[in-house]
Structures are given as C-alpha cells and as structure tokens.
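This report refers to the structure that appears directly beneath it.
The values are calculated or read from the model by the stated rules, or taken from the named source; none is laboratory data. Here the structure is a predicted model, which means the values were calculated and not measured. No Cβ is skipped: glycine too gets one built from the backbone with ideal geometry, and neighbour counts run over all protein chains shown. These accessible areas exclude ligands, DNA and RNA; they are computed on the full protein's heavy atoms, side chains included. Shrake-Rupley method; radii C 1.70, N 1.55, O 1.52, S 1.80 Å.
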Amino acid sequence: MLVVENLNYASRATIFFQRLSVILTDTLFIYAVHECCRCINGKRAAKDILEKPTFILAVLLLWNFGLLIVDHIHFQYNGFLFGLMLLSVARLCQKRYLEGALLFAVLLHFKHIYIYVAPAYGIYLLRSYCFTANNADGSLKWRSFSFLHVTLLGLIVCLVSALSLGPFLVLGQLPQVISRLFPFKRGLCHAYWAPNFWALYNAMDKALTILGLKCNFLDGTKIPKASMTGGLVQEFQHTVLPSVTPLATLICTFIAILPSVFCLWFKPQGPRGFLQCLVLCALSSFMFGWHVHEKAILLAILPLSLLSVQRAKDAGIYLILATTGHFSLFPLLFTPPELPIKILLMLLFTVYSFSSLKSLFRREKPLLTWLETIYLIQLVPLEIFCEIIFPLTPWKRHFPFVPLLLTSVYCALGVTYAWLKLYISVLTERTSVRQKAE
C-alpha cells in the first residue's frame with residue numbers, strides 16, 4: 001500500500017485507506033453525540049421534532065462545519081478524538097465518573113492538546129467524586145472525602161499512562177517523545193496566525209513598526225523583513241513590543257484559566273458548571289497558548305454546543321464564536337475548486353445555527369445585539385476582498401500574507417469578545433439552591 005519514494009508520492013490505496021478510516025472512526029463520534037443528547041433536559045420539549053433541543057444539538061455537532069472540513073477535506077482524525085471527549089463529558093454528566101475519567105485519560109494520550117481542558121476534568125472529579133457531599137449552603141463538606149475514590153482515579157491514570165508511555169520508557173525514548181510533544185522552537189504562532197490574542201499582539205507590533213518607520217523612530221536596516229508574515233514556521237522577535245517566550249504564554253494561560261477553575265470549585269453548578277469551565281479552559285488556552293493551531297478553536301466550539309441549546313445567553317455566545325471560529329478555518333482550503341464548497345457548507349451550517357437557535361429561544365430577547373450582528377455581517381465583505389478583489393491587485397505579489405492577516409485579526413476580535421462575554425456570564429451567574437445541594 002505504501003512505498004515512499006519522495007515527498008510528492010501518492011498512492012490510491014493509501015488515500016482510500018485514510019478516507020475510509022476517517023469515516024469508520026466517526027462512528028464513535030456519532031455514538032458520543034447520541035449520549036450527549038441524552039444528557040439534555042426536556043424543559044423546552046417541542047411538538048415538532050425539528051425544534052427539540054436534542055435534535056438541534058445533534059445537527060450542531062454531527063454537521064459541524066469546522067469538523068467536516070478539517071477531517072473530510074483537510075484530512076485528520078479529529079472526529080474520533082472529539083468523540084472520545086464528548087463521550088467522556090456525557091459520562092460525567094451521567095455521574096459515571098470512572099468511565100469519564102478513563103475515556104479522558106485515553107484521549108489525553110492520543111493527543112496531548114487535550115491537556116488544555118485537563119484542569120476542568122481534574123477539579124470537577126475532585127469536587128464531585130472524591131468529595132461525596134456538600135453542606136446546605138453549597139460549601140464543601142471536607143469530611144466527605146473518599147480515599148477510595150481518589151485511589152481508583154489514580155489507578156486509572158497510572159494504568160493508562162503505563163500502557164501508553166511504558167514502551168518508550170523501557171527503550172529510553174521518553175525524552176524524545178517529550179521533545180516532540182512540546183516543540184517550542186516552532187515559534188509563537190503558526191504560519192497562519194490562529195485568531196487569538198497573539199494575532200492581535202503581532203498586528204499591533206506590525207502597525208507600530210510601520211508607524212515608527214514613517215516617523216523615523218526606527219532604523220529600517222535593522223528590522224528583519226517579513227519576520228512574522230513570511231509563511232514560515234520558526235521563532236521570531238517582535239520589533240517594538242516585547243518578544244514573547246514560551247514561559248510567558250504559559251503564565252498568561254494559567255492566569256486566564258484560574259478564574260474558571262475557582263468558579264468550578266467554589267460555585268458548583270453540576271454538569272453545567274463543568275461544561276462552562278471546560279469551554280473557558282479551551283478558549284483561554286487558545287487565546288494565550290504557544291504555537292496554537294487555528295483548528296484548536298473546535299475544542300471550545302463543540303462543547304459550547306451543549307450549552308447553546310439550554311440557555312439563550314449561551315446560544316448568543318455560541319453563534320459569535322462558531323461563526324468567527326469557523327470562518328477563521330477558511331485558509332485551510334485555499335485552492336480555487338474548494339472556494340464554493342467551503343462557502344456553501346459554511347452558509348448552510350450558519351443559517352441553520354441561527355434559525356434553529358432563534359426558534360428555540362423565540363420567547364426570549366434577541367440572541368445578538370445589533371453591534372454583534374453588524375460585526376458578523378462584515379465577514380462577508382472581508383471574504384469578498386480576500387478571495388476576489390485582493391488577488392486582482394498588484395499587492396498580491398508584494399504582500400501575499402495580507403488576506404491571512406486580515407482574516408486572523410478580524411476573527412481574533414470576535415473570538416476574544418466571545419471569550420470575555422462567556423467569562424463575565426460565568427463570574428456573575430448566581431448559583432441556585434438546587435445546584436448548591438448537588
């Protein structure tokens with residue numbers, strides 16, 4: 001099936017195997033979606049099946065635009081991995097804690113990017129499983145600590161880790177594995193900037209550099225050309241703003257995650273609070289992580305889908321995050337034949353998301369403000385400029401990175417706004433008496 005001759009080698013048998021294996025492993029994702037739908041309460045049950053929260057959730061997950069293009073066009077196995085994550089979430093919501101912990105431990109050893117949401121799992125399991133009871137006011141009953149439960153969780157983690165890393169440890173290859181898991185020499189950002197805080201930081205540095213050159217504050221001979229926009233995966237130094245180190249991103253990520261973890265511990269809200277913390281951990285890591293890929297936004301969008309069908313405020317945040325996050329994936333499909341495909345798929349998913357959630361919460365206030373609506377509508381002229389107008393201009397030859405920069409920076413504004421809005425919602429939310437008891 002595979003005879004490697006050069007970098008441009010292609011085999012029909014290999015392509016068939018890869019595509020078929022992606023389709024087959026998606027069965028786990030389908031099962032996980034089914035289990036997640038079972039966790040949704042029926043308070044908003046409708047006569048029409050198309051308006052039921054469970055049906056809407058199933059469509060939002062199974063036909064997710066980002067997952068579809070990343071797995072079935074760009075080609076990866078994210079559906080299988082997200083299936084493990086969603087199944088572990090469902091098991092925790094069903095209070096099958098050991099199964100949830102086992103599934104997440106396996107997931108973490110499949111792909112280490114899921115370490116971003118590990119704090120949410122760890123704190124929730126400690127708060128809800130290792131401590132078995134709360135006081136009447138919702139505070140923790142310290143005497144309810146179960147040493148047996150901690151031991152069981154520890155055994156699961158140790159067993160999975162031993163099976164996964166044991167062979168490398170025996171062969172003395174563990175340092176090599178760790179160095180490949182955390183390749184800090186690849187630079188702060190990917191070749192295409194993920195729409196996060198560092199994209200805004202890079203853009204600000206570029207703007208200040210141009211301003212400094214215009215005003216003769218900087219020496220043009222000492223400034224490297226296209227240091228951040230050359231399309232290369234490498235380390236680079238900022239010109240005006242302080243350069244960012246891996247340690248700095250780690251500290252920023254830790255600080256950004258901390259409030260959500262505190263809320264999960266001190267303001268327990270059951271599975272809903274766990275999901276909120278999970279989404280915030282994923283978003284915070286996406287915002288401030290080192291060398292973040294644009295695909296990592298799916299780590300927040302998919303679990304946020306579960307919250308979007310339960311409360312109008314979360315539905316509004318989901319629409320902003322999903323629309324901007326999915327649009328930021330457009331550069332992954334860059335060939336002309338793929339242009340109508342990605343636009344059509346994006347339109348179909350976005351129109352359904354807006355119409356279904358609007359119908360679900362039609363008795364409540366509008367999901368988006370007029371400013372939020374205007375921001376999302378501006379994605380249309382941005383796409384027209386990047387895909388149609390810019391290639392016809394002479395700028396394309398001298399500044400080929402401009403469409404990617406505009407897409408990244410504009411989407412970063414939306415992702416940042418959604419992150420802040422969700423954080424404010426979680427921090428200001430009051431805990432009900434029933435949730436405290438749980």
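Overview of values
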{"read-out": "Where a residue in region 184-203 is within 19 Å of L332 (Cα to Cα) and in a helix (DSSP H, G or I) and its partner, wherever it lies, is open to solvent by less than 20 Å² (accessible area, probe 1.4 Å) and modelled with pLDDT under 85, with Cβ under 9 Å and at least six apart", "value": "A199/C189; A199/W193"}
{"read-out": "Selected residue (only one of I40, I30, I69 is assigned to a helix (DSSP H, G or I), β-branched (V, I, T) and open to solvent by 10 Å² or more (accessible area, probe 1.4 Å))", "value": "I30"}
{"read-out": "Region 357-388: number of residues that are open to solvent by less than 80 Å² (accessible area, probe 1.4 Å) and under 17 Å from S408 (Cα atoms)", "value": "10"}
{"read-out": "Failed item, numbered, when P391 is tested on (1) open to solvent by less than 60 Å² (accessible area, probe 1.4 Å); (2) more than 30 Å from G289 (Cβ to Cβ); (3) in contact (Cβ under 8 Å) with a residue 12 or more places away in the chain", "value": "(3)"}
{"read-out": "Leading residue by the ranking (farthest from F262 (Cα to Cα)) among those in region 136-145 that are open to solvent by 20 Å² or more (accessible area, probe 1.4 Å), modelled with pLDDT of 80 or more and not hydrophobic (A, V, I, L, M, F, W, C)", "value": "R143"}
{"read-out": "Any hit, region 81-98, residues being more than 30 Å from L165 (Cα to Cα) and either in contact with a His (Cβ under 7 Å, 6 or more places away or on another chain) or assigned to a helix (DSSP H, G or I) (or both)", "value": "no"}
{"read-out": "Test: residue in region 148-168 that is open to solvent by 40 Å² or more (accessible area, probe 1.4 Å), more than 25 Å from Y116 (Cβ to Cβ) and part of a loop (DSSP other than H, G, I, E, B)", "value": "no"}
{"read-out": "Cβ pairs under 8 Å, 6+ apart, first in region 347-361 and in contact (Cβ under 8 Å) with a residue 60 or more places away in the chain and closer than 14 Å to L307 by Cβ, second among the charged types (D, E, K, R) and surrounded by 13 or more Cβ atoms within 10 Å (Cβ to Cβ)", "value": "L360/R44; L360/E51"}
{"read-out": "Positions within region 115-125 being at pLDDT 95 or above and of a type outside the set (V, I, T), in sequence order", "value": "A118, P119, A120, Y121, G122, Y124, L125"}
{"read-out": "One residue from L102, L98, L2 being in contact with a helix residue (DSSP H, G or I) (Cβ under 8 Å, 6 or more places away or on another chain), open to solvent by 50 Å² or more (accessible area, probe 1.4 Å) and at pLDDT below 85", "value": "L2"}
{"read-out": "Set A322, A296, A315: member being surrounded by 24 or more Cβ atoms within 10 Å (Cβ to Cβ) and closer than 29 Å to A248 by Cα", "value": "A322"}
{"read-out": "Selected residue [assigned to a loop (DSSP other than H, G, I, E, B), surrounded by 13 or more Cβ atoms within 10 Å (Cβ to Cβ), modelled with pLDDT of 70 or more and polar (S, T, N, Q)] from T229, T249, T239, T209", "value": "T239"}
{"read-out": "Enumeration of residues in region 255-271 that are at pLDDT 95 or above and within 25 Å of G83 (Cβ to Cβ)", "value": "I257, S260"}
